[in-house]
Amino acid sequence: MATVAFTYPDHIRAVVRLGAPLVASNMAQFAIHITDTVMLGWYDVSALAAATLATSLFFVIFIVGAGFAQAVTPLVAAASEADDAQTARRVTRMAVWLSILYAVVVSLPFFWAEPILLAIGQTPEIASAGGAYLGIAILGMIPALIVMTLKSFLVALELTAFILWATIAAAVLNVGVNYMLIFGNFGAPELGIRGAAIASVAMQSGTVVLLIIYILRKLPEYELLRNPFRPDPQIMARVFRLGWPIGITALAEGGLFTASTIMMGWIGKIALASHGIALQLTSLMFMIHIAIGQAATVRAGRAFGRGDAVGLRRGAVTAFGLSGLFVLFTIAVFLAVPQSLIALFVDPDDPALPMILPLGASLLALAALFQIVDAAQVIALGVLRGLQDTFIPMIIATISYWVIAIPLSYVMAFTLGWGPQGLWLGLTIGLAFAAVALCWRMLIQRRILPTSSATQGHPHV
């Protein structure tokens with residue numbers, strides 16, 4: 001069981017110790033995506049376009065199923081706080097079961113991906129290449145979801161350093177297999193986009209093996225592979241109830257940014273390029289807040305397990321404070337050197353650069369405001385997940401993203417004629433609504449915890 005944090009410095013150390021490896025791990029995961037993009041771009045532009053489409057479809061399906069994996073974190077954190085290794089094992093086992101069942105069901109259509117891509121209006125060339133990629137890459141859905149489950153288990157136990165090393169090892173493996181199979185190096189066949197798909201499956205499968213070996217050696221008391229085929233309907237129902245709203249929430253947020261990209265494409269290619277660059281920069285910075293949100297889930301889950309209302313409040317304040325500090329840093333960078341940041345993504349000789357720079361800079365100015373509300377809502381979500389509250393947050397997120405943000409973005413961009421800036425302002429207002437509503441929900445929910453005897457009379461409480 002982790003040491004209980006009493007003072008704010010204790011909480012700061014706990015969140016930083018837990019979150020710092022997650023930040024680096026998220027950055028490494030982001031680097032894997034960038035590496036795939038660059039290497040396929042070097043090979044063939046058509047392959048890059050097809051893989052971009054295919055991986056987008058894969059990711060949409062993946063994030064929904066990943067809700068079951070993410071449900072592991074608060075449940076195992078609470079069980080660990082009670083020294084209940086058996087419940088932690090049962091939760092993890094049933095999350096793996098649900099992930100596998102989900103993956104089997106959703107994977108079947110992807111073996112006929114080419115006709116599906118043709119049916120949604122893709123060119124025969126893109127549909128053929130995208131179908132070939134998905135027909136192989138979908139085999140990685142099961143290991144990818146198991147990786148998420150095992151990572152969530154380790155995060156709940158505050159063993160995040162190994163997640164970083166495992167992600168780095170996965171990135172190295174991905175680059176090596178890509179180099180061999182995309183281009184046909186080291187005597188391997190030149191498989192192009194199929195090689196990239198094989199590399200993804202190999203990376204995900206290798207990570208599963210690496211994580212299992214580490215868990216069995218580091219945490220033998222959890223006996224993670226004990227009774228792997230024993231059904232556990234009660235725990236499965238608990239993981240399902242907590243996990244499916246997490247998946248839908250992630251789908252709603254991912255869909256929000258996909259829809260915004262589609263709408264930006266209606267404005268024009270300069271707007272779309274500027275939007276894409278601003279979104280990449282924002283997403284990169286957002287990795288910090290995601291990591292702090294994950295840490296907040298663990299700390300809240302442990303406080304929930306102890307019935308420690310004071311620890312919950314102080315942990316939440318700490319997470320918001322650390323996230324807020326990084327928001328201030330991001331705002332300063334985005335406002336100080338916006339054009340320099342935008343220029344990193346565009347060839348200096350590109351004739352479109354003079355148009356992209358000012359538009360991208362204006363979007364980064366809005367992104368500075370965007371950071372405040374986006375960070376607040378992701379930290380609030382993290383705390384609520386730690387309290388095992390996911391259904392109402394799902395409703396709040398869906399309304400904020402799809403009832404408020406998308407319509408407002410459309411009206412401001414097209415009806416009012418405010419263009420790209422109006423679209424981003426609509427997104428910001430929707431996320432601001434989510435931040436306020438989720439924070440209010442968090443303030444209400446924390447009242448369910450009585451002050452535990454562990455904190456009664458402590459001089460620092």
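Residues that are touching a residue at least 12 places away in the same chain (Cβ under 8 Å) and more than 25 Å from the chain's Cα centre (by Cα) were ranked within region 315-342; the one that is surrounded by the most Cβ atoms within 10 Å (Cβ to Cβ) is P338.
The criterion of being without any contact (Cβ under 8 Å) to a residue 40 or more places away in the chain and either assigned to a helix (DSSP H, G or I) or open to solvent by less than 60 Å² (accessible area, probe 1.4 Å) (or both) holds for V172. Here G65 qualifies as of a type in the set (G, A, S) and within 28 Å of I138 (Cα to Cα).
Among the residues of region 117-128, not a single one is under 21 Å from the mean Cα position of the chain (by Cα) and not aliphatic (A, V, I, L, M). Scanning region 215-242 for residues that are open to solvent by 50 Å² or more (accessible area, probe 1.4 Å) and not in a loop (DSSP other than H, G, I, E, B) yields a total of 10. The number of residues in region 274-314 being crowded, with 22+ Cβ neighbours inside 10 Å, over 23 Å from the mean Cα position of the chain (by Cα) and aliphatic (A, V, I, L, M) comes to 2.
Based on what the data block shows, is A332 in a helix (DSSP H, G or I) and under 18 Å from T7 (Cα atoms)?
In short, no.
Look at (1) free of Cβ contacts under 8 Å to residues at least 12 places away in the same chain; (2) within 13 Å of A273 (Cβ to Cβ) and you find that V346 fails only one, number (1). Scoring R93 on the criteria (1) of a type outside the set (A, V, I, L, M); (2) under 22 Å from E253 (Cα atoms); (3) touching a Pro at 6+ places or on another chain (Cβ under 8 Å) leaves a single failure, condition (2). The residue that is nearest to A50 (Cα to Cα), counting only those in region 156-169 that are open to solvent by less than 10 Å² (accessible area, probe 1.4 Å) and part of a helix (DSSP H, G or I), is T167.
For L408, the criteria (1) open to solvent by less than 30 Å² (accessible area, probe 1.4 Å); (2) out of contact with any Phe, Trp or Tyr (no Cβ under 9 Å at 6 or more places or on another chain) hold in every case but one, which is (1).
The residues on offer are L191, L181, L150, and the sole one that is buried (at least 18 other Cβ atoms within 10 Å of the Cβ) and outside any helix (DSSP H, G or I) is L191. The set of residues from region 92-122 being open to solvent by less than 70 Å² (accessible area, probe 1.4 Å) and without any contact (Cβ under 8 Å) to a residue 12 or more places away in the chain comprises P109, G121. Might you check whether a residue that is surrounded by fewer than 17 Cβ atoms within 10 Å (Cβ to Cβ) and in contact (Cβ under 8 Å) with a residue 60 or more places away in the chain occurs anywhere in region 365-387? Taking every residue of region 365-387 in turn, none turns out to be surrounded by fewer than 17 Cβ atoms within 10 Å (Cβ to Cβ) and in contact (Cβ under 8 Å) with a residue 60 or more places away in the chain.
The values are calculated or read from the model by the stated rules, or taken from the named source; none is laboratory data. Model, not experiment: these values are computed from the prediction. Note that each Cβ is placed from the backbone with ideal geometry, even for glycine, and that neighbours are counted across all protein chains shown. Ligands, DNA and RNA are stripped out before the accessible areas are found, and what is left, the full protein with its side chains, is counted by its heavy atoms. Shrake-Rupley method; radii C 1.70, N 1.55, O 1.52, S 1.80 Å.
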